[in-house]
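Remarks on the structure that follows.
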Amino acid sequence: MEENFKQGYKEKCKALHQLMEDYASENVAVAFSGGADSSLLLKLAVMHAGKTGKRVIAVTASTELHPAKDEAAARQAAMETGAEHRILTVNELQFEGIKRNPADRCYHCKKYLFGAIRDEAAKAGAPMVLEGTNADDLKQYRPGLKAVEELGIKSPLKEAGFTKEEVRKLAQAYGVSAANRPSAPCLATRFPYGEELTMEKLRRVEQGEDCLKSLGLYNVRLRVHGNVARIEADAGDMGKLLEARNQIAGNLKELGYTYITLDLEGFRSGSMDEALPQELLQKA
């Protein structure tokens, strides 16, 4: 079994390098968040562009739906590769299809974000844009993937069949500092679909998660249901949360949450999707 895994991983690495070699035959842009997936792509793009003499532009969207510190992390990660880095300021909440937070919010958001990134890349002379969707993302409710495909954005990790585990493994092999960075989906995922998003709500949940992360937790989410703050964390970290429960409750109540709960099912990506109709999830 282990030998088959090693062989499969080796074949995927070969396929990924071939894809990146092809894409780097012209100037290329990488939609860059600074996470493990996009950092690996940027590293490989720079590596292969070094052979062809083409340019690599990392484009980071500075958005209202992500914590401010994510931009700083992206700046640092891009600097490590030596790629040209551009920050693109966007305002998603100006669009009702995003602000209203419908079940297909991710589609509208990706359509807007990647459309803006594609335009910025074109201005920089890069006709090809890459992004970091991996094979594991296909197992979850991700309506935004449709927008990525519609815009002609390429997803090399998905094309090569890389799982998240394999992304981290290869990123470690190339010394990518973000190899083990926890996934950081947008803050809109902390709210039930249909609840209108505001800057106040987004910043409040960001502050709440900063409080939780200060305890040294790896995966942690603060899901908000009205005045209830529901904490998700890895099972092994629940002891830390219980030990610090008075501090946590005090901090979160200061932010305006009335009830503070610990989800016994623990951390799970996309838990707000669990309330969606099965027929909708099956279509995605």
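Side notes on the structure shown:
- Largest first, the three principal axis extents of the alpha carbons in the chain are 58, 47, 40 Å in whole numbers.
- The value of relative contact order for the chain, using C-alpha pairs under 8 Å at least six residues apart, is 18 percent.
- Sites D263 and E150 - FRET efficiency at Förster radius 30 Å, r taken between beta-carbons, to 0.05: 0.30
- Helix-derived mean residue ellipticity, 222 nm - over the chain, DSSP H n ≥ 4, -39500 (n - 2.57), to 500: -14500 deg cm²/dmol
- Approximating the spin labels as points 7 Å out from Cα along Cα→Cβ, the Q18-to-M47 distance works out to 1.7 nm.
We did not get these values from a lab; they are worked out from the coordinates using the rules stated. Note that this is a predicted model, so its numbers are computed, not measured. Note: ideal-geometry Cβ built from the backbone for every residue, glycine included; neighbour counts use all protein chains shown.
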